[in-house]
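Down below is the structure, laid out as structure tokens.
What follows draws every value from the coordinates through simple rules; no lab data is involved. Since the structure is predicted, the reported quantities are computational estimates derived from the model, not experimental observations. When we count neighbours, we look across all protein chains shown, and the Cβ atoms used for this are built from the backbone with ideal geometry, even at glycine.
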Amino acid sequence: MTGRRTERSAENNARRRALHNAAPRWTPKLGDLAFDLTRNHNGVVVGIPDGASCLTYHLLPPNGGDEWSAAADASTLRPAYTVTHATPAGRLSYDPRASQGALPIVLHHEDGTSEETVLIVDRDELSAYAEQFEKWSFRREGAKAR
């Protein structure tokens, strides 16, 4: 791993919550990525309160999972943090039946916190990345030999 990895701790979460609480009032729109203070997770807004069919905000985890609801006044929702960079957190695994690979990564946020997730790449993307890494590796080894 190339970067410093910080786990989500109680202190890290308290810092994140304090930063969110200091943010001005925000009204999420469909498709926005929001951080839910009650669940301590990011989610994509897939439903907004309209007074008729939808009485609360509905969110889905960005990488899939179960939908959940948030207060209709959006009091527990804040804009999600910007990711500054990602670092590998494990080895790439490849599923030939699904024709895709999965690489555990750590996303580093602008506020200094980080979270683990998985980067999913299809066979063509994986092939292109492998080719790029091979060229990069070859260049580095050639430079060392000089």
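All C-alpha pair distances within region 24-97, sorted into 5 Å bins from zero, spread as 3, 15, 23, 20, 13, 9, 8, 5, 3, 1 percent across the bins. For the peptides 128-137, 58-67, residues were scored by their other Cβ atoms within 10 Å and the scores averaged per peptide; the highest-first order is 58-67, 128-137. 3J(HN,Hα) along region 26-32, derived from phi through the Karplus expression 6.51 cos²θ - 1.76 cosθ + 1.60 where θ = phi - 60°, amounts to 9, 10, x, 10, 4, x, 5 Hz, with x in place of Gly and Pro. Farthest toward the positive end of the dipole of region 30-97, out of Val83, Gly65, Cys54, is the Cα of Val83, where the dipole comes from beta carbon charges about the Cα centre. Take the Cα gyration tensor of region 26-67, multiply each eigenvalue by 5, square-root it, and list the three semi-axes largest first, rounded to whole angstrom. Sorted largest first and rounded, they come to 17, 11, 10 Å.
Sequentially through region 42-55, phi angles give Karplus couplings (6.51, -1.76, 1.60; θ = phi - 60°) of 7, x, 8, 6, 10, x, 10, x, 10, x, 10, 7, 10, 9 Hz, Gly and Pro residues having no value and appearing as x. Expressed per residue, the C-alpha convex hull volume of region 21-146 stands at 150 Å³. Taking θ as phi - 60° and the Karplus parameters 6.51, -1.76 and 1.60, the scalar couplings of region 126-137 work out to 4, 5, 5, 5, 4, 4, 5, 5, 5, 5, 5, 5 Hz in sequence order, x denoting glycine and proline.
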